[in-house]
Amino acid sequence: MATWAEFAEGPAEVREHQTPDAPGEWVAFEGGATALAAAGERLLFEDVPVALLGTVTSDGRPRIHPFIPKVADGRLWAFIVQHSPKREDLERRGQYTIHAGLADEDEEFWVAGRARREDDPDTREAARLVMPHPIHDWEVLYEFDLELVGWTRWLDWGTPRHRPVHYRWRAAT
């Protein structure tokens, strides 16, 4: 991957990555786009551990919800309260976007794909162990498959040459 100095001149740039034959699990993304995964781990799980979950309502409107995702066994998980609108949205359509809180100099990280409910007791226990808060029986576990991942860094912040560099990873289709 190029260094930031190599992008010091010029307009916004987009760098695309794809992992051949990779399922949409975090571990596949991590293996195919190491720098993006490192940014994601820092921005989603370290800097501000509460992310925003974007879902689609029954009438097609977007909705956002704060929540806490985590990686366990190479897969992205979150527990959702049983009677939550976000759980209803995920059950109905499964489509989601997760956006990390903005970091210094507006650095951004997001993932998008499909979520699915996971009821296996062993999987639930493994995910529960990595959560930074207590998990209750009335919370439902969801796995978030990754279809598209984005990371944006800004060069020359606060100057007339201020411009973004976008990195994208796409799961194999």
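Out of 158, 94, one residue alone is of a type in the set (Gly, Ala, Ser), without any contact (Cβ under 8 Å) to a residue 60 or more places away in the chain, surrounded by fewer than 18 Cβ atoms within 10 Å (Cβ to Cβ) and touching a strand residue (DSSP E or B) at 6+ places or on another chain (Cβ under 8 Å). It is 94.
Inspect the range 132-147 for any residue being surrounded by fewer than 19 Cβ atoms within 10 Å (Cβ to Cβ), without any contact (Cβ under 8 Å) to a residue 40 or more places away in the chain, over 19 Å from residue 40 (Cα atoms) and of a type in the set (D, E, K, R) and give the result as yes or no. Yes. Out of the range 108-120, which residues are at pLDDT below 95 and exposed (fewer than 10 other Cβ atoms within 10 Å of the Cβ)? Matches in the range 108-120: none. The set of residues in the range 161-173 being closer than 21 Å to residue 111 by Cβ, without any contact (Cβ under 8 Å) to a residue 24 or more places away in the chain and in contact with a Phe, Trp or Tyr (Cβ under 8 Å, 6 or more places away or on another chain) is empty. Selection of the range 89-108 for residues being more than 20 Å from residue 56 (Cα to Cα) and not small (Gly, Ala, Ser) yields 102, 104, 105, 106, 107, 108. Residue 55 falls short of the stated requirement of being polar (S, T, N, Q) and over 13 Å from residue 86 (Cβ atoms). Among the residues of the range 50-64, count how many are surrounded by fewer than 17 Cβ atoms within 10 Å (Cβ to Cβ) and either in contact with a Pro (Cβ under 9 Å, 6 or more places away or on another chain) or in a strand (DSSP E or B) (or both). Here the count works out to 6. For the structure I just gave you, tell me whether residue 124 is in contact (Cβ under 8 Å) with a residue 60 or more places away in the chain and either among the hydroxyl-bearing types (Ser, Thr, Tyr) or surrounded by 16 or more Cβ atoms within 10 Å (Cβ to Cβ) (or both). The answer is no for residue 124.
Taking the criterion of being among the small types (Gly, Ala, Ser) and out of contact with any Asp or Glu (no Cβ under 8 Å at 6 or more places or on another chain), the residues of the range 74-101 that qualify are 78, 84, 94.
All of (1) more than 16 Å from the chain's Cα centre (by Cα); (2) modelled with pLDDT of 70 or more; (3) in a strand (DSSP E or B); (4) not basic (Lys, Arg) hold for residue 16 with one exception: (2). On the stretch given as the range 72-91, residues that are surrounded by 20 or more Cβ atoms within 10 Å (Cβ to Cβ) and assigned to a strand (DSSP E or B) total 6. Contact annotation: residue pairs with Cβ atoms under 7 Å, 6 or more positions apart or on different chains, pairing a residue in the range 52-76 that is without any contact (Cβ under 8 Å) to a residue 60 or more places away in the chain with a partner that is assigned to a loop (DSSP other than H, G, I, E, B), are 56/93; 63/57; 66/50; 74/25.
The values are calculated or read from the model by the stated rules, or taken from the named source; none is laboratory data. If you're wondering where the values come from, they're calculated on a predicted model, not measured in any experiment. For neighbour counting, all protein chains shown are included, and Cβ atoms are generated from backbone atoms with ideal geometry for every residue, glycine included.
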